[in-house]
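Beneath this line is the structure, given in structure tokens, with notes to follow.
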Amino acid sequence: MGIGFLELVIIGIAAIVLLGPERLPEVMRTLAKLYVQLRRTSNEFKGTFDDVVREAESEMRSEELAKLRQLITSHTVHVDPIKELSTQQGSEISPTGSPSPRASQHPGWDASSTTPDPSASKPE
């Protein structure tokens, strides 16, 4: 939807008729200066708007990152492997590594040794 050559000729003829050939160059210079100033103001506004949007996005990312860090920190749990194993094995291993009293109740447990007797736990 641009202005074609014929439209420009018609606008030029109308400007010469309305303004006259003496004032036309002065009006064209004034319009050109106004156009340049308007364009400069528009670019400054666009640049300022883009800066504000960029800053707001940066703040949002920073807030999201802080929330994620807080979430990760709050859900981080220190895992004690011995405690975890003793929980999984039914508390048969004490934190010192010695058998618990429950361990001696197992059929294959040799109380004089720190290892179970494998032959006693085999089904016959």
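The values are calculated or read from the model by the stated rules, or taken from the named source; none is laboratory data. Source: prediction; values computed, not measured. Positions of Cβ are generated from backbone atoms using ideal geometry, with glycine treated the same way; all protein chains shown enter the neighbour counts.
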Looking at (1) touching a strand residue (DSSP E or B) at 6+ places or on another chain (Cβ under 9 Å); (2) modelled with pLDDT of 90 or more, which one does LEU85 not meet, given that it meets all the others?
(2)
Would you please list the contacts, defined by Cβ atoms under 8 Å and residues six or more apart or on different chains, that run from a residue in region 17-36 that is on the phi < 0 side of the Ramachandran plot to a residue that is among the small types (Gly, Ala, Ser) and surrounded by 10 or more Cβ atoms within 10 Å (Cβ to Cβ)?
LEU24/ALA15; VAL27/ALA15
Candidates LEU71, LEU18, LEU6, filtered to the one that is out of contact with any Cys (no Cβ under 6 Å at 6 or more places or on another chain), assigned to a helix (DSSP H, G or I) and exposed (fewer than 10 other Cβ atoms within 10 Å of the Cβ):
LEU6
(1) over 30 Å from ALA14 (Cβ atoms); (2) modelled with pLDDT of 90 or more: which one isn't true of LEU31, the others all being true?
(1)
Hey, any hits in region 103-121 for a residue that's at pLDDT below 70, in contact with a helix residue (DSSP H, G or I) (Cβ under 9 Å, 6 or more places away or on another chain) and among the polar types (S, T, N, Q)?
no
